[in-house]
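Below is one structure, written out as structure tokens; the observations come after it.
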Amino acid sequence: MSEFFNLPILESFSAQEFNKTKPFPNHLFKKILLPEAFNELYNHFPCLDLFEKHVNKPRGKSGQRPHNRYYLAFEKSIYHKNDQSGSGVAKIEQLPKVWQDFVREVQTFEPYQEFLRRCLNLDEYVIRYAWHVGETGSEVSPHCDSFDKIGTHIFYFNTSADWEVEWGGSILALGGKRTAKTNPDISDFETVESFDIRDNSSFLFKNTADGWHATEVLTCPPNHYRRLFNVIVQKRKTEKTLKKLWHYLSGKN
């Protein structure tokens, strides 16, 4: 049994249909978390004091606009080269109890790991975890993820009671890029599919060369926040030359 996951959704989901999805494999899940588990995680989302604020961090040589946000990594941050302490990095004991239990289940619960392997065609991989919080003016400009990412499962922690669709925040799957620029705008794509992230939603996608995605600039009132938790599936650290090329073309996220 799982304390957090809706097992019938995990076990019945078609990896074959997922991988046929255009412009890149993606799917929005509704209620993949058990309702009571979602509510507990929502009510005990990690305190903003643990996060570090990212303002105008460059995105490689792509020229893409910075992804300004609050950021928190679990145990080790890609933004901390040596010192893995202080704001922006959380050890397991710093998390609320329900989040400690959730992270442990994500790490060890075989039906969830099998779900990821099946959907993302995994063999060898590693997983890292990070929380993002967006506020008024935050944006996720169009980008593909860095080469070492295989895919990401994003769990959102907003509800219809605390977030309006008109404020932005929906994740956008972009298709048909009409420019050679590495820093395109949303208007540079032929297709824009918007997914409502509220009320126990999560978004799984596979990282591909055409995996462009974005979020519009947030227009929420002060003290309203877009909140999410990323399960980031990565390749082991190999193919350094290709990785650098991917970073050059797409920018690091």
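The values are calculated or read from the model by the stated rules, or taken from the named source; none is laboratory data. All figures in this text were calculated on a predicted structure; none of them were measured in a lab. Cβ coordinates were reconstructed from backbone atoms using ideal geometry, including for glycine residues, and neighbour counts include every protein chain displayed. Note: areas computed on protein heavy atoms with side chains; ligands, DNA, RNA excluded. Shrake-Rupley method; radii C 1.70, N 1.55, O 1.52, S 1.80 Å.
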Quick one: pull the percent of accessible area on the chain belonging to carbon and sulfur, 1.4 Å probe, ligands and nucleic acids left out.
-> 51
Expressed in nm to one decimal, what extension gain is obtained for the pair residue 237 and residue 9 from 0.36 nm per residue of sequence separation less their Cα-Cα distance?
-> 78.9 nm
Dividing the mean separation of Cα pairs under 8 Å (6+ apart) by the residue count of the chain yields a relative contact order in percent of 29
By its C-alpha gyration tensor, with a ≥ b ≥ c as the square roots of the eigenvalues, how is the chain shaped: rounded for a/c under 1.5, else prolate for a/b larger than b/c, else oblate?
-> rounded
Please work out, to two decimal places, the log10 of the ratio I(q)/I(0) at q = 0.24 Å⁻¹ from a Debye calculation in which every Cα of segment 138-228 carries one identical scatterer.
-> -1.27
So, in nm, how far is label residue 48 from label residue 34 when the simple model puts each one 7 Å beyond its Cα toward the Cβ?
-> 3.1
